[in-house]
1. Output the Cα-based Rg and Dmax of region 1-77 in Å, rounding Rg to one decimal and Dmax to a whole number.
2. Largest first and to the nearest Å, give the Cα extent of the chain along each principal axis.
3. Whats the longest run of the chain with zero trypsin sites (Lys or Arg not before Pro) that are DSSP loop and have at most 10 other Cβ atoms within 10 Å?
4. For region 60-130, which chymotrypsin sites (Phe, Trp or Tyr not before Pro) pass both filters: DSSP loop (anything but H, G, I, E, B) and at most 14 other C-beta atoms within 10 Å?
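Taken together, the values in this text are just the output of simple stated rules run on the coordinates, not laboratory data. For clarity, every value in this text was computed on a predicted model and none was experimentally measured. Neighbour counts run over all protein chains shown; Cβ positions are idealised from the backbone, glycine included.
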Amino acid sequence: MARYEGGCLCGKVRFVVTAEPRSVFHCHCFSCRRQTGGAVASFAAFPVAGHFQWTAALPTAFHSSPGVTRRFCPTCGTPLSYEAERFADEIHLHIGVFDRPDDLVPQAHWHTEEQVAWFDTRDDLPRHAGD
């Protein structure tokens, strides 16, 4: 059985996932960049029901836009997840918060129309302008 674990910088918020990711990707959209403070955000999308659980302190929720909730550690501020009504049974977890991020290899780029001009990974992954 698949098992992925991770948490925030200070260690107060932890989670476990017991499923394989549905997708692993880089997001270049404005709101993901603003939430992380980086030029790109990298996520792994997992099913929630029966597979995902917060295992220590709960993160704080921020409703960043209609139908979108982003969660972060209330103590250290680490961004942890993206959840959207349009992906009702899915949680997108930032790859950098996993204990073994090397296990989650991105397969695509999304929202490249919003990509920072100087950012270029020079990879051969598929690129999608929008949703």
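1. Final numbers for Rg and Dmax: 13.1, 35 Å.
2. Principal axes ranked by extent give 39, 31, 27 Å for the Cα atoms.
3. Numbers: sites that count: R3, R122.
Here the longest run is 4-121.
4. In loop regions of region 60-130 (DSSP not H, G, I, E or B), the sparsely surrounded chymotrypsin sites (Phe, Trp or Tyr not before Pro) are W118, F119.
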